[in-house]
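In what follows, a structure is listed as structure tokens, so that the remarks can point back to it.
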Amino acid sequence: MSVQASIPQRTDSRRYEAVVRLSEALSLCQEPEDLTKILSEQLREFLVFLQFYIVVYKENSTEVEWAVVGREKSLVSAYADVPVEQRPSWQAYTKQEPIYIRDWNTDEGIPFRFKQGIAAQGLDVGPLVFVPLTTPQRRLGALGMSGHPGISYSSDDIAFLQLIGRAVAFAIDDNFNLKRAEASNAELQRQNERLQRSERELREVIETIPCMAWSASADGAAQFFNRRWLDYAGLAADQVEGWGWTVVVHPDDLNVLVDYWRMLMSSGQSGEIEGRLRRFDGVYRWFLFRATPSVDETGRIVKWYGTNTDIEERKTAEQALKRSEAYLAEAQRITLTGSYATDGITRQLTYWSEEMFRLFGFDPHQGLPMWDQWLGRVHPEDRQKVVLAADRAFLEKVDSGTEFRILNLDGTVRIAHGIGHPVLSPNGELFQVVGTVVDITERRRAEEALKSAVDEIKRLKEELYRENLALRDEIDRSSMFEEIVGTSDPLRAVLSRIAKVAPTDSTVFITGETGTGKELIARAIHKRSPRSGRAFVSVNCAALAPSLISSELFGHEKGAFTGATQRRLGRFEMADGGTIFLDEVGELPSDIQVALLRVLQEREFERVGSNRSIKVDVRVIAATNRDLEAAVAKGGFREDLFYRLNVFPVDVPPLRQRRDDILMLVEYFVQRYAKRLGKHIPSIEKKTLDLLRSYDWPGNIRELQNVIERSIILTSGEVLSVDGFWLSKGDVPPPKTETSPVSKVGRWSEKEIIKAALAESRGRISGPSGAAAKLGIPPSTLDYRIRALRINKREFKFR
């Protein structure tokens, strides 16, 4: 049972008053949601409804621009798949008349999917009304209202809803127009900003372009000069306007420049001319003046634009070129070099330098010779190869040269070398051939003389080489490697490995006891390597303070630490291109081991206080007397660094394994130190030799060297003798005798022996009772040893 009246009993005047109030309220709406909110609040006094609907379609399209259901702006997704043409809002929109569905659930014209979508929204709809939203200017969409089941809407209700629809349509259209106007204003504002930005950018370009720009009115009066122009002239803008700019033109160029400028204005053509402008400091420079007219649609000149480009360097080069032409002629005369140019088709000469006339014996006042004429001056045996060389330049278009002889008028012959270079046009055609002819007579004579000298030097060198080979073989039999003395099998095995690894760049790891001569091995490897001409830098890692190791090896920058007053190069930089020898490498701290590993891997490092990598090309030779494998096992040495160092191991045998070399070593050291101390010791006591051979030498060669040097100092005759007590390992006191300090050897050091002699002589060195006489050595030798051992001889004068 339906209710026939859907609205309370109100007079029509009240409804019209509501329309007026709604129109005023809707005119203030900014968003679509505001429309339904106002409708819901204002119309419930005049209409009974469940929900309001507003649907706006895009112009000339079935696409919904926006829709409001209740108070929410959205599309009803539940029935979005229902075709637009089947929706009541579309029918009201297209037919432009109200669409009234009396009962939503029973109306068979409504698609079933549409009913399902509304039901899914939880709505129980009864009647539904849609009226068109239309203004005199355009169709917008539809306004709808649904009611509860059981009520109905009268024709007055629908007519009232149409009035509301017109108010809503005007509100929506006003809102659209407002947004369009705002968008247009925003776009206009953006365009104005872009225009202003473009003007600023254009102004900036004009002010900063690397040339001097200006503009002038149609009558030639200057109106604008850019900043570069004004800064160059050192003038203000008002000083150069009109014809004021002429004050900076060089007086010699002013009339020419002004006349040319007036000629351009009368002709209306673009043009350019060169002239000099005075700089702010009074210096004149050459400029290229360019001017171009700007015309209106009738062809009338309205403005002139121009630039002044600095061409001072070009003008200087042109003047230098003129001077160089004179220099070239003089240079050709001095170097006996002539130049020429020939036509690319006829092969006839188009240019001959003065030196060419002299070389071929022609008179320059008689003009250029013809092809057959100058070719006739070429030796008959060489003419064919000259022609072939010319054919290569003319026909094959490639550089071609040859050596030939020129017949002088007096019958003598000169030797020359000519070369021709083809010059091609842009389309690849031969334009001309240019070239030079050089008189090489004296050069050939010198070369022949030099060749004879070289042959003689080569012959003498071969003889010397053969003699050197024989001498080297003789030397190698006694001492294979410089100061590495000995011929024992263990030493020969080491030297054989040195000979194999030296020519390579491989890292060498030398092991052996203290005093076995590991540094001599390293130097021998360096001297026989391709790096022998570069530095050999030796570093004792155990002797460096831990805080300074990084600076010593890699260098430091100024201010890197306290005391770093200037940049210092490290040992690796000093050894760049050569060899670095790291002795006692097992003593390096762990952080330096990491840095050393990087150098071995990457060949680069940083100085202390710098983050810039430095590349080095260094061969590394390391040495140690420690068991590094055991140190690696205990964690005292990096395993990866050990394997990087242990590329080519060389183990130096101790002296006790080289007893066959002891005699040769003793003789070598005796000769070396006797010569240094000014003594003559031709023989060695047999007991001494037996003693030296039987001793185990825990200090190896270094210990032997010290014993021999000490013995040389103490020996006063021509026979070397060594006291066996010197070789004892125990601390035995010196023997108590009444002899001079020379006999007090025992475990005394050389320094102690010299101090004892100075004490007995009360600091006197020379004379019969002097320390030198007591020790049996020359005074000069003793004085040298006192300075070397840093003994203060004055302290013994008053004892």
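The values are calculated or read from the model by the stated rules, or taken from the named source; none is laboratory data. The shown structure was predicted, so the numbers you read here are calculated from the model rather than taken from an experiment. Here the Cβ is made from the backbone with ideal geometry for all residues, glycine too, and neighbour counts use every protein chain on show. For accessibility, only protein heavy atoms count, side chains too; no ligands or nucleic acids. Shrake-Rupley method; radii C 1.70, N 1.55, O 1.52, S 1.80 Å.
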Could you count how many residues in the range 585-618 are within 18 Å of ARG568 (Cβ to Cβ), not charged (D, E, K, R) and not in a strand (DSSP E or B)? 8
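For the range 777-797, name all the residues that are farther than 19 Å from ASN706 by Cβ, touching a residue at least 12 places away in the same chain (Cβ under 8 Å) and outside any helix (DSSP H, G or I). Don't jump to the end; show me each part of the working.
Applying the first criterion (farther than 19 Å from ASN706 by Cβ) to the range 777-797 yields 778-780, 783, 792-797.
Imposing the further condition that a residue be touching a residue at least 12 places away in the same chain (Cβ under 8 Å) reduces the set to 778-780, 783, 793-797.
Across the range 777-797, the qualifying residues are PRO778, LYS797.
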Quick check on this structure: which one of GLU297, GLU272 is among the charged types (D, E, K, R), open to solvent by 80 Å² or more (accessible area, probe 1.4 Å) and modelled with pLDDT under 90? GLU297
Of the residues in the range 183-213, those that are within 22 Å of ARG279 (Cα to Cα), out of contact with any helix residue (DSSP H, G or I) (no Cβ under 6 Å at 6 or more places or on another chain) and hydrophobic (A, V, I, L, M, F, W, C) come to ILE206, ILE209, CYS211
Can you tell me how many residues in the range 336-386 are in a loop (DSSP other than H, G, I, E, B), surrounded by 14 or more Cβ atoms within 10 Å (Cβ to Cβ) and either among the hydrophobic types (A, V, I, L, M, F, W, C) or free of Cβ contacts under 8 Å to residues at least 12 places away in the same chain (or both)? 3
If ARG626 passes every condition in (1) at pLDDT 90 or above; (2) closer than 25 Å to ARG497 by Cβ; (3) surrounded by 14 or more Cβ atoms within 10 Å (Cβ to Cβ); (4) not polar (S, T, N, Q) but one, which one does it miss? (1)
Within the range 240-262, tally of residues that are open to solvent by less than 100 Å² (accessible area, probe 1.4 Å) and in a helix (DSSP H, G or I): 15
Against the definition (loosely packed, with under 13 Cβ neighbours inside 10 Å, at pLDDT 80 or above and not β-branched (Val, Ile, Thr)), how does ALA169 come out, yes or no? no
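Kindly evaluate THR688 against the criterion of being surrounded by 14 or more Cβ atoms within 10 Å (Cβ to Cβ) and either closer than 22 Å to ALA757 by Cα or at pLDDT 90 or above (or both). Reasoning before the result, please.
Numbers: surrounded by 14 or more Cβ atoms within 10 Å (Cβ to Cβ): yes; either closer than 22 Å to ALA757 by Cα or at pLDDT 90 or above (or both): no.
Here the answer is no, as THR688 does not meet what is asked.
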I'm told LEU689 meets every condition in (1) farther than 22 Å from THR514 by Cα; (2) hydrophobic (A, V, I, L, M, F, W, C); (3) outside any helix (DSSP H, G or I) except one. Can you identify the failing condition by its number? (3)
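Taking the range 392-434 as the search range and keeping residues that are in a strand (DSSP E or B) and among the small types (Gly, Ala, Ser), which one is surrounded by the fewest Cβ atoms within 10 Å (Cβ to Cβ)?
Residues of the range 392-434 in a strand (DSSP E or B): 400-407, 413-424, 430-434.
Narrowing the set further to residues that are among the small types (Gly, Ala, Ser) leaves 400-401, 416, 418, 420.
On the way: SER400: 21, GLY401: 16, ALA416: 23, GLY418: 21, GLY420: 22.
Residue satisfying both the conditions and the ranking: GLY401.
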Name the residues in the range 241-287 that are touching a residue at least 24 places away in the same chain (Cβ under 8 Å) and small (Gly, Ala, Ser), would you? GLY268, GLY275
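Could you list all residues from the range 560-600 that are of a type in the set (A, V, I, L, M) and either open to solvent by 30 Å² or more (accessible area, probe 1.4 Å) or farther than 24 Å from THR516 by Cβ (or both)?
Within the range 560-600, the first condition is being of a type in the set (A, V, I, L, M), and the residues that meet it are 560, 564, 569, 574-575, 580, 582, 585, 588, 592, 594-597, 599-600.
ALA560, ALA564, LEU569, MET574, ILE592, VAL594, ALA595, LEU597, VAL599, LEU600 - these are the residues of the range 560-600 that are of a type in the set (A, V, I, L, M) and either open to solvent by 30 Å² or more (accessible area, probe 1.4 Å) or farther than 24 Å from THR516 by Cβ (or both).
Identify, from the list ASP238, ASP219, ASP231, the residue that is out of contact with any strand residue (DSSP E or B) (no Cβ under 8 Å at 6 or more places or on another chain), of a type outside the set (Ser, Thr, Tyr), on the phi < 0 side of the Ramachandran plot and without any contact (Cβ under 8 Å) to a residue 40 or more places away in the chain. Talk me through it step by step, then tell me what you get.
On the way: ASP219 fails: without any contact (Cβ under 8 Å) to a residue 40 or more places away in the chain; ASP231 fails: without any contact (Cβ under 8 Å) to a residue 40 or more places away in the chain.
Going through ASP238, ASP219, ASP231 in turn, just one is out of contact with any strand residue (DSSP E or B) (no Cβ under 8 Å at 6 or more places or on another chain), of a type outside the set (Ser, Thr, Tyr), on the phi < 0 side of the Ramachandran plot and without any contact (Cβ under 8 Å) to a residue 40 or more places away in the chain: ASP238.
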It is to be established whether one or more residues within the range 719-729 are farther than 20 Å from LEU789 by Cα, at pLDDT 85 or above and open to solvent by 30 Å² or more (accessible area, probe 1.4 Å). yes
Read through the list (1) over 21 Å from TYR643 (Cα atoms); (2) out of contact with any helix residue (DSSP H, G or I) (no Cβ under 6 Å at 6 or more places or on another chain), then give the number of the only condition that LEU544 fails. (2)
Could you list all residues from the range 217-265 that are of a type in the set (Asp, Glu) and within 48 Å of the chain's Cα centre (by Cα)? ASP231
Any residue that is among the basic types (Lys, Arg), under 21 Å from ARG290 (Cα atoms) and touching a His at 6+ places or on another chain (Cβ under 8 Å) - is there at least one of those in the range 253-265? no
Across the range 637-663, which residue is nearest to GLN601 (Cα to Cα) among those that are over 41 Å from the mean Cα position of the chain (by Cα) and open to solvent by 50 Å² or more (accessible area, probe 1.4 Å)? ASP651
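Could you look through the range 185-209, keep only residues that are open to solvent by less than 70 Å² (accessible area, probe 1.4 Å) and not hydrophobic (A, V, I, L, M, F, W, C), and pick out the one that is nearest to GLU65 (Cα to Cα)?
From the range 185-209, those open to solvent by less than 70 Å² (accessible area, probe 1.4 Å) are 186-187, 192, 198, 206-207, 209; that's our starting set.
Next, from what is left, pick out any that are not hydrophobic (A, V, I, L, M, F, W, C): 187, 192, 198, 207.
On the way: GLU187: 22, ASN192: 31, SER198: 37, GLU207: 50 Å.
For the range 185-209, the residue satisfying everything is GLU187.
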Odd one out for ALA389, checked against (1) surrounded by 14 or more Cβ atoms within 10 Å (Cβ to Cβ); (2) outside any helix (DSSP H, G or I): (2)
How many residues are among the hydrophobic types (A, V, I, L, M, F, W, C) and either open to solvent by 10 Å² or more (accessible area, probe 1.4 Å) or not in a strand (DSSP E or B) (or both) if we restrict to the range 137-151? 1
One residue is enough: does the range 456-466 have a residue meeting the conditions part of a helix (DSSP H, G or I) and at pLDDT 75 or above? yes
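Could you count how many residues in the range 215-229 are hydrophobic (A, V, I, L, M, F, W, C), out of contact with any helix residue (DSSP H, G or I) (no Cβ under 6 Å at 6 or more places or on another chain) and within 17 Å of LEU264 (Cα to Cα)? Before you say what the answer is, go through the steps one by one.
If we filter the range 215-229 for residues that are hydrophobic (A, V, I, L, M, F, W, C), which is where we start, we get 216, 218, 221-222, 224-225, 229.
From the residues that got through so far, the ones that are out of contact with any helix residue (DSSP H, G or I) (no Cβ under 6 Å at 6 or more places or on another chain) too are 216, 218, 221, 224, 229.
Keeping just the survivors that are within 17 Å of LEU264 (Cα to Cα) gives 216, 218, 221.
Final tally of qualifying residues: 3.
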